[in-house]
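Below is one structure, written out as structure tokens; the observations come after it.
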Amino acid sequence: MEVNRDEAERCIDIATAALSNEQPEKAQRFLEKAQRLFPTEKAKVLLEMIAKNGFTPRGGHSDFNGQSGPRQRQPNSDDTRPEAKPSEKSYTADQLDSVRRIKQCKDFYQILGVQADASEDELKRSYRKLALKFHPDKNHAPGATEAFKAIGNAYAVLSNASKRRQYDQCSEEKKNPSSSGPENENFEADISPEDLFNMFFGGGYPSSSASMYANGRMRNQRRDRRERPREGGFALFVQVMPILILVIVSALSQIMVNSPPYSLSYRPSAGYTQKRLTMSLKVPYYVGEHFSREITGLNLKNLERTVEDDFISNLRNNCWKEKQQKEGMLYRARYFGDNDLYQRAQRARTPSCAKLSEITASLHG
């Protein structure tokens, strides 16, 4: 199956070169052959664009056609005959300079271009910008893949509070925390650069880009996991035992700790059957049957203030998630020129944000 993948990639390269040379019929033949060998989203999108536009994508989707090969003679025999390989993908001097800058960075903060006291939002903005700029499907300069991996590793470490604290401590002890280059072996990310990118942008790049680390650590790690022999039942028990202990301890703690006097659930639940509204913001919450007799006066006022604080905190979290999802859809739509996705993103509702704005206005009004 791996041989078919490589042959399919070769057919896609020939097809993109044929599109550049205004040979849509030849491109279509090789794309169809690539789909028979190893179906990919990239070949599927190009076929759809040829069928829709009759030639090359409108608006110049260079991410799918980043090569410019010489005009080739139309073959008279079998399509499987080896063809001349198209020239290497082009890149700009600015892209090459950017890759060199990343390679010269001495620490993760330099890679992301932020200060050592950068906030979480600043890290996200920087990673989002750099990840799109250095993704190997967009940047074909030599070393772009390594730079993309370094950017992902830097963000994965600095966005983790515990790892960032350890990294900062190491930086204090060692003036040059990355003497061997941006990839510091002592601070490896728990997530691959591609998976991190997909988490931010919702899998916005074609699936064929999953092979971009064919010579790197990511492919080797997956192969190691496939080739790892199956371990016995005792080893499995040892691995599961910490989880069992955690479940038991959690259950005991739930038994020993008193249940909270209220629930912010949207419907009645076990022990919380009576619906109430807070006096100030009219936030709905559920309590037990004896709540009215046990909590009154100042205690009730303090409890309702806590209910409203928890409710607002939940709204903030949900609002942030809604904005992240909408922003990710907009990024993907703009990058791939997908008008339908762009319209869906524009129409996407953010009910938590609307409710939060309404409450904020009432508090200040």
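The values are calculated or read from the model by the stated rules, or taken from the named source; none is laboratory data. Nothing here was measured: the structure is a model prediction, and the numbers come from that model. Cβ: placed from backbone, ideal geometry, glycine included. Neighbour counts: every protein chain shown.
With the requirement that a residue be aliphatic (A, V, I, L, M) and part of a helix (DSSP H, G or I), what does region 248-307 give you?
ILE248, VAL249, ALA251, LEU252, ILE255, MET256, LEU298, LEU300, LEU303, VAL307
Of everything in region 75-116, what is at pLDDT 90 or above and in a loop (DSSP other than H, G, I, E, B)? Give them in sequence order.
CYS105, GLY113, VAL114, GLN115
For region 108-141, how many residues meet the condition of being buried (at least 20 other Cβ atoms within 10 Å of the Cβ) and more than 26 Å from MET329 (Cβ to Cβ)?
4
Please work out if ILE50 is in contact with a Pro (Cβ under 9 Å, 6 or more places away or on another chain) and at pLDDT 90 or above. Lay out the reasoning, then the answer.
On the way: in contact with a Pro (Cβ under 9 Å, 6 or more places away or on another chain): yes; at pLDDT 90 or above: no.
Taking the combined requirement at face value, the residue does not satisfy it.
If I go through region 22-44 residue by residue, how many of them are in contact (Cβ under 8 Å) with a residue 24 or more places away in the chain, surrounded by fewer than 17 Cβ atoms within 10 Å (Cβ to Cβ) and under 18 Å from PHE336 (Cβ atoms)?
Matching residues across region 22-44 total 1.
Exactly one of (1) under 30 Å from CYS11 (Cα atoms); (2) at pLDDT below 70 is unmet by SER180. Its number?
It is condition (1) that SER180 fails.
If you check SER313 against the conditions, is it closer than 21 Å to GLU358 by Cβ, exposed (fewer than 12 other Cβ atoms within 10 Å of the Cβ) and of a type in the set (Gly, Ala, Ser)? If you could, list the steps in order and put the result at the bottom.
Values: closer than 21 Å to GLU358 by Cβ: yes; exposed (fewer than 12 other Cβ atoms within 10 Å of the Cβ): yes; of a type in the set (Gly, Ala, Ser): yes.
Yes.
Just give me the residues in region 132-147 being in a loop (DSSP other than H, G, I, E, B) and in contact with a Ser or Thr (Cβ under 9 Å, 6 or more places away or on another chain), in sequence order. Steps first, please.
Filtering region 132-147 for residues in a loop (DSSP other than H, G, I, E, B) gives 135-143.
Matches in region 132-147: HIS135, PRO136, ASP137, LYS138, ASN139, HIS140, ALA141.
Would you check if there is a residue in region 319-341 being surrounded by 13 or more Cβ atoms within 10 Å (Cβ to Cβ), of a type outside the set (A, V, I, L, M, F, W, C), assigned to a helix (DSSP H, G or I) and in contact with an Asp or Glu (Cβ under 9 Å, 6 or more places away or on another chain)?
yes
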